[in-house]
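Working notes for the structure below.
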Amino acid sequence: MVRQRTDGNPDALLGGIEAGGTKFICLIGRAPDDIVAEIRIPTRKPDETIADAIAFFKAEREVHGPLARLGIASFGPLDLAVTSPTYGHITTTTKPGWAQTDMVGSIGSALGVPVAFDTDVNGAVLAERRWGAARNVKDFVYVTVGTGIGGGVMIADALVHGALHPEIGHMFVPHDRAKDPFPGLCPFHRDCLEGLASGPAVAARLDGSARDAPADHPVWGLVAEYLALMCLNLTMTLSPERIILGGGLMQQDHLFPMIRRRFTQRLNNYIRISAVREGLDEYIVPAGLGSRSGAYGALALASQAIDGGLST
Ligand code: ADP
Ligand code: ZN
């Protein structure tokens, strides 16, 4: 097996937790092709789920030895300000029971290991940059379209944090109620992007799961329209070289040409860079790591932190 180098010490054993709304994926390894242990834990109450994750790492420590660092890539919003008394917490989440959960404190102290903490999508940005669809790209956006919609931004090879972290899923997009009478389901904003185009928003229009909607169902036209508007807004505000779309809904491959077509129509030749002129196949792209972006993202976070990177 070829061991892929990480930025830090390539031999350091790293841990990762992708903390998601439906599952926690915990893994131990050095890189995607060098994973030595992994477990998938259904997300229940915080204390139960976190206890299971801690038990996994403690048991594996007996086999593989201690971790150099643990990366936690979590659903949010998160407190990432290291000087804040609630640093390392999940804050105002819409996920019942999880608001104000101390992730870094509870897991880090139980395991006695340094923790690198960031959003699940910021982790995915690092993983896509290192191993996925952005290997040669230093300015890009990664967006996951699943139970929620979330995005991470890399500019000049650095993750954007700013005052908090980007909340791309909650951007506002034009909502034509004549075409789409669905009121939206974001508990904070109702018809923000996530309220209109996430998996649960699709499911609510169908009275079934998004997974079961046939490719020619009109709901996909609406989703493609909203995601094209998102891509336009990201293009106009951030000037990325690539926009990577991952998450459960993007497994509907037919969405990509639909989004690209709508993007081109709305852009109306305003921006004439080559990536946008040449059919968008290299501009709006699927995640290179597929459904593994988040899990590998947690490892990438741990690895970057060892290297003295941004998330320490
Ligand atoms: P999460 O966002 O919970 O971490 P996912 O990215 O897998 O996980 O998103 C889950 C959402 O995506 C659910 O709403 C689910 O119905 C939807 N989904 C999963 N797979 C598909 C698929 N193949 N086609 C359409 N929707 C899907
Ligand atoms: Zn919202």
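Side notes on the structure shown:
- Qualifying residue in segment 193-216 (condition: away from ligand 1 (no atom under 15 Å from the Cβ), under 30 Å from V82 (Cβ atoms) and either part of a helix (DSSP H, G or I) or among the aromatic types (F, W, Y) (or both)): no
- Just one of the listed residues (E194, E167) is within 16 Å of ligand 2 (Cβ to nearest atom), touching a His at 6+ places or on another chain (Cβ under 7 Å) and either under 22 Å from I243 (Cβ atoms) or without any contact (Cβ under 8 Å) to a residue 24 or more places away in the chain (or both), and it is E194.
- In segment 114-134 there is no residue matching the filter, namely being over 17 Å from the mean Cα position of the chain (by Cα) and free of Cβ contacts under 8 Å to residues at least 12 places away in the same chain.
- Subset of segment 144-185 that is more than 18 Å from V223 (Cα to Cα) and within 16 Å of ligand 1 (Cβ to nearest atom) - its residue that is modelled with the lowest pLDDT: E167
- Residue that is farthest from ligand 2 (Cβ to nearest atom), among those in segment 140-164 that are over 15 Å from N122 (Cβ atoms) and either in a loop (DSSP other than H, G, I, E, B) or assigned by TED's automatic domain parsing to the domain that holds T92 (or both): A156
- Looking across segment 156-174, the residues that are surrounded by fewer than 13 Cβ atoms within 10 Å (Cβ to Cβ) and closer than 19 Å to F117 by Cα come down to D157, A158, G162, A163.
- Selection from segment 191-240 of residues that are more than 25 Å from T93 (Cβ to Cβ), buried (at least 19 other Cβ atoms within 10 Å of the Cβ) and among the charged types (D, E, K, R): E225
- Which listed residue is open to solvent by 30 Å² or more (accessible area, probe 1.4 Å) and not assigned by TED's automatic domain parsing to the domain that holds G169, from G71, G112, G108, G88: G112
- Meets criteria (under 22 Å from A37 (Cβ atoms) and without any contact (Cβ under 8 Å) to a residue 40 or more places away in the chain) for S109: yes
The values are calculated or read from the model by the stated rules, or taken from the named source; none is laboratory data. None of these values were measured; they are calculated from a predicted model. With ideal geometry, Cβ positions are generated from the backbone for all residues, glycine too; neighbour counts draw on all protein chains shown. SASA here: full protein model, heavy atoms, side chains in, ligands and nucleic acids out. Shrake-Rupley method; radii C 1.70, N 1.55, O 1.52, S 1.80 Å.
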